[in-house]
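Derivation of every value follows stated rules applied to the coordinates shown; laboratory data play no part. What you are looking at is a predicted structure, and each value in this text was computed from that prediction instead of being measured. Here the Cβ positions follow ideal geometry from the backbone for every residue, glycine too, while neighbour counts run over all protein chains shown.
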Amino acid sequence: MSEKKRTLGSGLQKIDAHVITPEEYEEIPELTEEWFQEADVYEGAKLIRRGHPPSDNAKKLVSLRLAREVLDHVKAAGPGWQTRINEVLLKSVRAKRGAQGSGLDPRCAGHAAGALAAVARSKVEPGRRREL
């Protein structure tokens, strides 16, 4: 059985021999100062993080179980649903802080805080779920 031996090689010699024509230069984007400002910066092989510096008040990643009804309602409004949930909770926290100095019952300040307080105060038999 005679087998043809195939020589493995790259096409680098062919690529190196290619002469770029003026038409091909038109396809190359112009390297402007703006382009360099937006370019990724590397130190050696490591990509340097760009963008805003880390925040002193950065958000924390958490895992949270929500009622299907709540999640469906918030997601139905479109992208940004996690931000909207954060805004509702933040508003509740701020209302509760304001109510503590105002003489109001802080458990009832804001809808979310009041609802959470009502659930916490409710009596539910062990092992049974309470429908809201």
Rounded, prolate or oblate: pick one for segment 1-96, where a ≥ b ≥ c are the square roots of the eigenvalues of its C-alpha gyration tensor, a/c under 1.5 means rounded, and failing that, prolate if a/b is larger than b/c, else oblate.
prolate
Set of segment 29-43 residues, backbone N closer than 20 Å to the point 7 Å along the Cα-Cβ line of ILE20
29-37, 39-40
